[in-house]
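The values are calculated or read from the model by the stated rules, or taken from the named source; none is laboratory data. Computed from a predicted model, the values in this text were never measured in an experiment. Glycine also receives a Cβ, built like all others from the backbone with ideal geometry; neighbour counts cover every protein chain displayed.
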Amino acid sequence: MPKSSEFKIRIRENICPRCGRPSADGGLCGACRVAQLSWFSCPARVVSICCPSCGSWKEAGLWVDTGVPREELAYELARRAIHIIPEVSNPGVAISIHDQSSNRSIAECRMSGTLLGEPVEGSCQIEILWQKEQCDRCSRMSGSYHEGVVQVRATGRKPLPWELRNAGRIAHEVEEALVSSGERLSFISEIEETRDGLDITIGSQRIGQEIATAIVRAMGGRYTTHPKLVGERAGKRLFRITYSVRLPKYMRGDIIVVHGRYAEVQNADGRDVRFSEIPDGQQRSAPENRIDALVGNVRDAAEYLVVFREGDTIGVLDPATGESTECRIPPGMQAEPGDRIRILRTADELILLG
Ligand SMILES: [Zn+2]
Ligand SMILES: [Zn+2]
């Protein structure tokens with residue numbers, strides 16, 4: 001065969017049948033093959049459902065707390081909606097958001113990458129519809145739905161104002177921790193001070209249990225649970241639970257009389273009281289019902305100056321009134337003129353704490 005005809009045939013074989021440009025194997029060239037492929041897809045619109053009250057976001061039928069501003073959410077929604085086939089290397093997406101109205105935004109998206117060795121580019125528009133719907137939590141809260149109540153009371157006394165504040169603070173800390181770990185329905189719907197203590201109305205049994213446990217851990221005492229059948233839904237029996245927290249009768253720092261001696265309470269769990277005896281600091285414990293009397297709390301003690309000592313008798317100056325008083329020092333307590341000594345004044349005597 002003459003050389004020239006062989007050359008012509010080879011040229012014909014190596015031309016792209018579609019665009020006439022050279023092709024490696026005589027089939028479609030790279031650019032034409034790539035042009036035939038749909039290497040990305042993008043929906044015309046996406047719908048975002050947001051709770052107008054708390055800003056949480058409904059994703060695949062589930063509510064989640066985001067705290068993400070709308071513009072960032074729009075980027076996220078557009079980015080997730082665009083699909084680029086895995087054969088594209090170095091894929092890139094650039095998005096700009098244009099708000100059209102309070103319930104409609106447009107995402108302009110530009111995609112790029114490399115496919116079969118050819119650079120590719122494309123663009124699309126995604127309409128983002130912002131819909132509002134009250135979330136599960138807000139609708140429960142506004143409908144005063146609840147699953148129980150934590151009642152904080154004290155044994156044989158009324159809880160003190162600082163104890164109620166403390167219990168309320170603990171409850172809010174538990175709520176914050178649960179909500180930030182994704183327990184959306186573990187909310188507190190109401191905290192109310194009652195005649196006997198504090199009532200904390202809660203959205204789930206989980207939070208009720210955790211609040212009761214946390215209060216007892218921090219403040220002593222114990223709790224019991226009391227379920228009450230309130231109805232039936234979809235064949236399931238519905239209960240509300242009362243978590244009854246009993247703060248102990250005695251609390252840390254209480255000055256008590258036990259076995260005829262003064263002592264300072266270290267802690268109490270509602271059954272036993274641990275205390276240190278005054279003045280030697282000996283640690284002991286006794287059942288709560290063996291405590292003879294409660295005379296006060298160290299928080300109410302003051303520092304008195306010792307002005308003289310004669311045997312077991314000392315003279316002290318009341319820091320508030322400047323009045324001097326004589327009292328007996330208990331055996332084993334150190335008190336010399338010039339010392340300062342903590343004293344708890346009760347209605348009829350001075351109790352030297354040391
Ligand atoms: Zn071609
Ligand atoms: Zn909400």
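Couple of notes before you dig in:
- If you check Ala78, Ala60 for being surrounded by 12 or more Cβ atoms within 10 Å (Cβ to Cβ), away from ligand 2 (no atom under 16 Å from the Cβ) and either in the same structural domain as Arg195 (by TED's automatic domain parsing) or over 30 Å from Gly253 (Cα atoms) (or both), only one passes: Ala78.
- Counting the residues of segment 165-196 that are buried (at least 19 other Cβ atoms within 10 Å of the Cβ) and touching a strand residue (DSSP E or B) at 6+ places or on another chain (Cβ under 7 Å) gives 5.
- Given (1) under 24 Å from Asp272 (Cβ atoms); (2) touching a residue at least 24 places away in the same chain (Cβ under 8 Å); (3) surrounded by 14 or more Cβ atoms within 10 Å (Cβ to Cβ), index of the condition Thr213 fails: (2)
- Unique residue being more than 19 Å from Cys124 (Cα to Cα), away from ligand 1 (no atom under 16 Å from the Cβ) and among the aliphatic types (A, V, I, L, M) when the list is Leu62, Leu73, Leu77: Leu62
- Boolean, Arg110 is assigned to a strand (DSSP E or B), farther than 30 Å from Ser142 by Cβ, away from ligand 2 (no atom under 16 Å from the Cβ) and among the basic types (Lys, Arg): yes
- The single residue among Asp269, Asp312 that is within 41 Å of the chain's Cα centre (by Cα) and among the acidic types (Asp, Glu) turns out to be Asp269.
- Pairs are defined by a Cβ separation below 6 Å, a sequence spacing of at least 6 or placement on different chains, a first member in segment 14-31 that is on the phi < 0 side of the Ramachandran plot, and a second member that is outside any loop (DSSP other than H, G, I, E, B) and away from ligand 2 (no atom under 16 Å from the Cβ); the pairs so defined are Asn14/Pro22; Cys16/Cys32; Arg18/Cys32; Cys19/Cys32; Gly30/Glu118; Ala31/Glu118.
- All told, Ser96 falls short of being in contact with a helix residue (DSSP H, G or I) (Cβ under 6 Å, 6 or more places away or on another chain), at pLDDT 90 or above and either surrounded by 11 or more Cβ atoms within 10 Å (Cβ to Cβ) or farther than 21 Å from Trp57 by Cβ (or both).
- Residue within segment 115-123 that is more than 30 Å from Cys32 (Cβ to Cβ) and more than 16 Å from ligand 2 (Cβ to nearest atom) present: no
- Among the conditions (1) outside any strand (DSSP E or B); (2) exposed (fewer than 14 other Cβ atoms within 10 Å of the Cβ); (3) under 45 Å from the mean Cα position of the chain (by Cα), the only one that Pro331 does not satisfy is (3).
- Scanning segment 225-257 for residues that are of a type in the set (Val, Ile, Thr), within 30 Å of Ala301 (Cβ to Cβ) and touching a helix residue (DSSP H, G or I) at 6+ places or on another chain (Cβ under 7 Å) turns up Val245, Ile255.
- Candidates Ser53, Ser48 - the one that is assigned to a loop (DSSP other than H, G, I, E, B), hydroxyl-bearing (Ser, Thr, Tyr) and in contact (Cβ under 8 Å) with a residue 24 or more places away in the chain: Ser53
To keep it simple, each residue is scored yes or no on (1) within 16 Å of ligand 1 (Cβ to nearest atom); (2) touching a helix residue (DSSP H, G or I) at 6+ places or on another chain (Cβ under 7 Å); (3) in the same structural domain as Glu183 (by TED's automatic domain parsing); (4) assigned to a helix (DSSP H, G or I).
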position: Ile128; (1), (2), (3), (4): no, yes, no, no
position: Ser139; (1), (2), (3), (4): no, no, no, yes
position: Val149; (1), (2), (3), (4): no, no, yes, no
position: Pro159; (1), (2), (3), (4): no, no, yes, no
position: Glu163; (1), (2), (3), (4): no, yes, yes, yes
position: Ala167; (1), (2), (3), (4): no, yes, yes, yes
position: Ile170; (1), (2), (3), (4): no, yes, yes, yes
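- Cys135 touching a Cys at 6+ places or on another chain (Cβ under 8 Å) and more than 16 Å from ligand 2 (Cβ to nearest atom): no
- The single condition among (1) outside any loop (DSSP other than H, G, I, E, B); (2) among the aliphatic types (A, V, I, L, M); (3) surrounded by 13 or more Cβ atoms within 10 Å (Cβ to Cβ) that Val68 does not meet is (1).
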